[in-house]
Every structure is written in C-alpha cells, then in structure tokens.
Amino acid sequence: MGKHHKKLLNNLEEHRKSAGLTQQQLSERAEVSRKSINAIENGIYVPSTVLALKIANTLHCTVEELFALP
C-alpha cells in the first residue's frame, strides 16, 4: 500500500509505476501539475472528484482501484 492520508487510502504510486509512467508523464496526461501528483502519492493532498476521475481514466482503472476509505 502507498502512503495514506488519514481519511483516504491510496494506491496511485503503484498504479502509476505499473503503467510505466513518471510523475511528470502522468501529470501531463491528466492535465495537472507534477507537484499535485507527488502530493497525492504522499498522502498530503486528497484529489477532487474530477481530478481522481482524470487520473483513473489516464491509468485505465477505476477510482476505487486508486483510492479507498480506510
């Protein structure tokens, strides 16, 4: 499991790496800053619904595969 915000479990880093993408590549494809991807992966920032959907779409997975409630 990745690093988690106290209210959200996240597997973004694992899915990103499985897709063979750097944070920069994912950020460009999801149209968000690399710093945002980094903050989400490190449990510092909880993405909006729109951003979570964009990231999931980019990684060809569901939001639930990336993020879950503890």
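Each reported figure results from applying straightforward, stated rules to the coordinates on display, with no laboratory input. Everything numeric in this text was worked out from a predicted model, so none of it was measured. All Cβ positions, even for glycine, are placed from backbone atoms using ideal geometry, and neighbour counts span all protein chains on display.
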Scattering profile of the range 9-68 at q = 0.19 Å⁻¹ [log10 I(q)/I(0), Debye over alpha-carbon scatterers]: -0.55
Residue-averaged 222 nm ellipticity for the chain, from DSSP H runs of 4+ at -39500 (n - 2.57), nearest 500: -13500 deg cm²/dmol
Check: the chain dipole with +1 on Lys, Arg Cβ and -1 on Asp, Glu Cβ, in debye: 200 debye
Relative contact order (%) - criterion: Cα under 8 Å, at least six apart; region: the range 9-68: 43 percent
Within straight-line cross-link reach of Lys7, aspartates and glutamates at Cα separation under 13 Å, skipping those fewer than 8 residues along the same chain: none
Contour excess over end-to-end distance, with Cα ends at Glu14 and Lys35 and 0.36 nm allotted per residue: 5.9 nm
